[in-house]
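Colleague: For reference, the structure I am asking about is given below.
Values in this text are rule-based calculations from the coordinates and carry no lab data. Just so it is clear, the model here is predicted, and its values are computed rather than measured. For neighbour counting, all protein chains shown are included, and Cβ atoms are generated from backbone atoms with ideal geometry for every residue, glycine included.
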Amino acid sequence: MFTKSTLLGTLFGGIVLNLLGWVFYNSIAASFFEEHALINMNEKMDPIYITLGSMIIAFAMSNLYKKHTLN
């Protein structure tokens, strides 16, 4: 479960997911979400929880792909 490949995949995947999410929500779809929001959100989001969520998703994906390729 905590092998070198899983931990490296989690670290790399977490960084990639975090950067792709930032590019998508701040650059590509920013005007869409500003126009279609029902309530105003705070401008300052907490990046710790967003990064933690990206790392958890990357860990789950690396474990799923590892188990899928071994069988």
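Colleague: Filter the range 24-71 for residues that are within 20 Å of F2 (Cβ to Cβ) and either hydroxyl-bearing (S, T, Y) or in contact with a Ser or Thr (Cβ under 7 Å, 6 or more places away or on another chain) (or both) and give the result.
Modeller: The answer is T51, S54, M55, A58, F59, S62, N63, Y65, K66, T69.
One line per residue, one yes/no per condition, for (1) under 14 Å from the mean Cα position of the chain (by Cα); (2) surrounded by fewer than 10 Cβ atoms within 10 Å (Cβ to Cβ); (3) not aliphatic (A, V, I, L, M):
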position: F24; (1), (2), (3): yes, no, yes
position: E35; (1), (2), (3): no, yes, yes
position: S54; (1), (2), (3): yes, no, yes
position: A58; (1), (2), (3): yes, no, no
position: S62; (1), (2), (3): yes, no, yes
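Colleague: Sticking with this one: Among the basic types (K, R) and touching a Gly at 6+ places or on another chain (Cβ under 9 Å): is that true of K44 in this structure?
Modeller: Here the answer is no, as K44 does not meet what is asked.
Colleague: Given (1) surrounded by 10 or more Cβ atoms within 10 Å (Cβ to Cβ); (2) within 14 Å of the chain's Cα centre (by Cα), where does I48 come up short, assuming only one miss?
Modeller: Here I48 meets the rest and fails (1).
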